[in-house]
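Presented below is the structure to which this report refers.
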Amino acid sequence: MTIIVIASGKGGVGKTSIAVNMAITMSRILPGRRVALLDADLGLANANLIMGIQPAHNTKDIENGMTAEQVATERHGISLIAGESGAKQKTLESVRRMLKACIAISADVLVVDTSPGISDAMTEIIAVGDLVIVVSTPEITALTDSYQLLKYLIRSGKVKGELNLLMNKVGERDNGSSQATAVTDLCLNYLGRRVGQLGHIRRNQAVEQAIMEQRPFSIVDPGSKPSRDLENVCQTIIDKWEMNHG
Ligand SMILES: Nc1ncnc2c1ncn2[C@@H]1O[C@H](COP(=O)(O)OP(=O)(O)O)[C@@H](O)[C@H]1O
Ligand SMILES: [Mg+2]
């Protein structure tokens, strides 16, 4: 199984939209493979809302002994392990136990959505990723928070997965690549770690509209700009895996 963790420094940059639609797009372009999505936003889980699902179970039930298979809901070609919204702060031990049980799901790809910001619990979750995608926007505040998160993760020494930056909500003309390069250059020059770039997803009203309808944008219109941008990102990831795994 390949685990892809979607993280960010700043909230509201588009992690959940990307996690949901990436899982769906991966399952579409990798026929015959099972793709699962874990909502590990420990504060305000909402992947189920974007997918239009009222889940019968969530990660709280996993903590109480159910298996990931029992908790997962099938929709749009993927298996969602919904998160617990409004949960109390969890101990590191309970986060570890929950993660272990979720990773036991039989899937070829597991996409993990997370809470924004810097914490030990988040580092624990991010550390399970083979591929860690830090989502940023071109805004200076988001870029600064992306660098702070990357710095924290790199200095923790716990994150062995490949770190990558993905720019979201970019303009039609400026695709955010110079801003992304500024962040990845800082990581290389000051922290000694190479952080890759996975390209961009344009700011597009179809994303907001889809959330209002509680239908993933990649399902509403797979030919829309954000759907095609995300498909390019998924293809880049798949090509990278094939490189890494011969
Ligand atoms: N590419 C995009 N274009 C336009 N709006 C976007 C885009 N990506 C995300 N959004 C909007 O940003 C808001 C936050 O998205 P969300 O996925 O919930 O972010 P996060 O999970 O990082 O908090 C939502 O209202 C969503 O519609
Ligand atoms: Mg979110």
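Every read-out reported here was derived from the displayed coordinates using simple, explicitly stated rules and does not represent laboratory data. From a predicted model like this one, the values you see are computed outputs, not experimental measurements. Because the Cβ atoms are built from the backbone with ideal geometry, glycine has one as well, and the counts that use them run over all protein chains shown.
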Segment 66-121, subset within 16 Å of ligand 1 (Cβ to nearest atom) and among the β-branched types (V, I, T), residue farthest from the chain's Cα centre (by Cα): I118
Among residues of segment 124-167, those that are of a type in the set (A, V, I, L, M), within 26 Å of D229 (Cβ to Cβ) and part of a helix (DSSP H, G or I), counted: 8
Enumeration of residues in segment 189-218 that are assigned to a loop (DSSP other than H, G, I, E, B) and either of a type in the set (D, E, K, R) or within 16 Å of ligand 2 (Cβ to nearest atom) (or both): R193, R194, R203, Q214, R215, P216
Some residue of segment 48-58 being in contact with a Leu (Cβ under 7 Å, 6 or more places away or on another chain), of a type in the set (V, I, T) and within 16 Å of ligand 1 (Cβ to nearest atom): yes
Single match in Q235, Q148 (criterion: over 17 Å from the mean Cα position of the chain (by Cα), touching a residue at least 12 places away in the same chain (Cβ under 8 Å) and away from ligand 1 (no atom under 15 Å from the Cβ)): Q148
Flag for T16 being of a type in the set (S, T, N, Q), near ligand 2 (Cβ under 10 Å from one of its atoms) and out of contact with any Phe, Trp or Tyr (no Cβ under 8 Å at 6 or more places or on another chain): yes
Selection count, segment 189-206, where residues are of a type in the set (A, V, I, L, M, F, W, C) and free of Cβ contacts under 8 Å to residues at least 24 places away in the same chain: 1
Per-region count, segment 1-36, residues of a type outside the set (A, V, I, L, M, F, W, C), more than 11 Å from ligand 1 (Cβ to nearest atom) and not in a loop (DSSP other than H, G, I, E, B): 4
When residues of segment 20-44 are limited to those that are under 13 Å from the mean Cα position of the chain (by Cα) and within 18 Å of E124 (Cβ to Cβ), the one farthest from ligand 2 (Cβ to nearest atom): L38
Condition check for A127: surrounded by 17 or more Cβ atoms within 10 Å (Cβ to Cβ) and in contact with a Gly (Cβ under 8 Å, 6 or more places away or on another chain): yes
Only one of L150, L186, L165 that is more than 16 Å from ligand 2 (Cβ to nearest atom), over 30 Å from L49 (Cβ atoms) and out of contact with any Lys or Arg (no Cβ under 6 Å at 6 or more places or on another chain): L186
